[in-house]
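Enquirer: Pasting in a structure now, in structure tokens, and then I'll have a few things to ask.
The values are calculated or read from the model by the stated rules, or taken from the named source; none is laboratory data. It should be emphasised that the depicted structure is a prediction, and the values quoted were computed from it without experimental measurement. Methodologically, a virtual Cβ is constructed for each residue, glycine included, from the backbone with ideal geometry; neighbour enumeration extends over all protein chains shown.
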Amino acid sequence: MTHSEEAAETTGESDVVGITQDILETMLSRMGVSASVTYQNDAVVQESERDTPPFLFDIEGDELGILIGRRGQTLASFQYIVRLMASHQVEAPAIIVVDINGYKQRRYQSLKELASRMAEQVVAHKREFALEPMPAYERRIIHLALADHPEVITESTGIGEARKVVISPR
């Protein structure tokens, strides 16, 4: 058993929650952002396919768009930093999801609806359709939403930030 596996077994859920809550509150305070941090037991839907459910923290407050950034890029970076800091403090990998005013949940739903609408268009016109470039976790939502669709297939094309999902007829 590795050191991190031993640490994961000895580190309780309440330790991860408490440490992460402190990290988030400290970061927000030092940024001069007035918001409340809430731990939630249910996982954000796009992370629910994981073997171990993530620790979900929702930050609520007014005018938090600065923490979300363009297409959620700032939020993704913020979450990455929080994960690194919490994992370092508990000495074990910690899967932490940070959401802001339910942004990720709303984005997840809108991407699933977009996938369905575009699949209908592809089937109706018998022509492939490329979505706008999006981050990997958003492309994954599209792929998973259409994975069992009998009439279309999906693939990611492009490089770096220009990577996008193409929906094609089977």
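Enquirer: Could you figure out which of (1) assigned by TED's automatic domain parsing to the domain that holds PHE129; (2) buried (at least 20 other Cβ atoms within 10 Å of the Cβ) isn't true of ALA94?
Expert: ALA94 satisfies all of (1) assigned by TED's automatic domain parsing to the domain that holds PHE129; (2) buried (at least 20 other Cβ atoms within 10 Å of the Cβ) except (1).
Enquirer: Consider only pairs whose beta carbons are under 8 Å apart and that are at least six residues apart or on different chains; among these, list those whose first residue lies in region 17-35 and is assigned by TED's automatic domain parsing to the domain that holds ALA94 and whose second residue is at pLDDT below 90 and in a loop (DSSP other than H, G, I, E, B).
Expert: THR20/ALA94
Enquirer: Need pairs with beta-carbon distance below 7 Å; first residue free of Cβ contacts under 8 Å to residues at least 40 places away in the same chain and within region 106-118, second of a type outside the set (A, V, I, L, M) and part of a helix (DSSP H, G or I); sequence gap 6+ or separate chains.
Expert: ARG107/GLY72; LEU111/GLU138
Enquirer: Here's another thing I want to ask about it. Quick one: in region 34-61, of everything that is at pLDDT 90 or above, more than 20 Å from SER87 (Cβ to Cβ) and among the hydroxyl-bearing types (Ser, Thr, Tyr), which residue is farthest from the chain's Cα centre (by Cα)?
Expert: Only one residue tops the list, namely SER34.
Enquirer: Go through region 119-129 and give me each residue that's farther than 27 Å from ALA76 by Cβ and touching a residue at least 24 places away in the same chain (Cβ under 8 Å).
Expert: Just the residues of region 119-129 that are farther than 27 Å from ALA76 by Cβ, to begin with: 120-128.
Once the filter is applied, which keeps residues that are farther than 27 Å from ALA76 by Cβ and touching a residue at least 24 places away in the same chain (Cβ under 8 Å), region 119-129 yields VAL122, VAL123, LYS126, ARG127, GLU128.
Enquirer: Just a yes or no: is a residue in region 101-116 buried (at least 17 other Cβ atoms within 10 Å of the Cβ), at pLDDT 90 or above and farther than 30 Å from GLU151 by Cβ?
Expert: Within region 101-116, one or more residues are buried (at least 17 other Cβ atoms within 10 Å of the Cβ), at pLDDT 90 or above and farther than 30 Å from GLU151 by Cβ.
Enquirer: While we're looking at this one, here's another question. Please indicate, with yes or no, whether at least one residue in region 77-91 is surrounded by fewer than 19 Cβ atoms within 10 Å (Cβ to Cβ), in a loop (DSSP other than H, G, I, E, B), in the same structural domain as THR20 (by TED's automatic domain parsing) and touching a residue at least 40 places away in the same chain (Cβ under 8 Å).
Expert: Within region 77-91 (the criterion being surrounded by fewer than 19 Cβ atoms within 10 Å (Cβ to Cβ), in a loop (DSSP other than H, G, I, E, B), in the same structural domain as THR20 (by TED's automatic domain parsing) and touching a residue at least 40 places away in the same chain (Cβ under 8 Å)), the answer is yes, since at least one residue qualifies.
Enquirer: Applying the selection to region 125-160, what residues are assigned to a helix (DSSP H, G or I) and surrounded by fewer than 11 Cβ atoms within 10 Å (Cβ to Cβ)?
Expert: Initial filter on region 125-160 (assigned to a helix (DSSP H, G or I)): 125, 136-146, 160.
Scanning region 125-160 gives HIS125, ALA136, GLY160.
The rows are residues; the columns are (1) under 27 Å from VAL16 (Cβ atoms); (2) touching a strand residue (DSSP E or B) at 6+ places or on another chain (Cβ under 6 Å); (3) in contact (Cβ under 8 Å) with a residue 12 or more places away in the chain.
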| position | (1), (2), (3) |
| --- | --- |
| ILE100 | yes, yes, yes |
| LEU131 | no, yes, yes |
| PRO135 | yes, no, yes |
| GLU138 | yes, no, yes |
| ILE141 | yes, no, yes |
| LEU144 | yes, no, yes |
| GLU161 | no, no, yes |
| VAL165 | no, yes, yes |
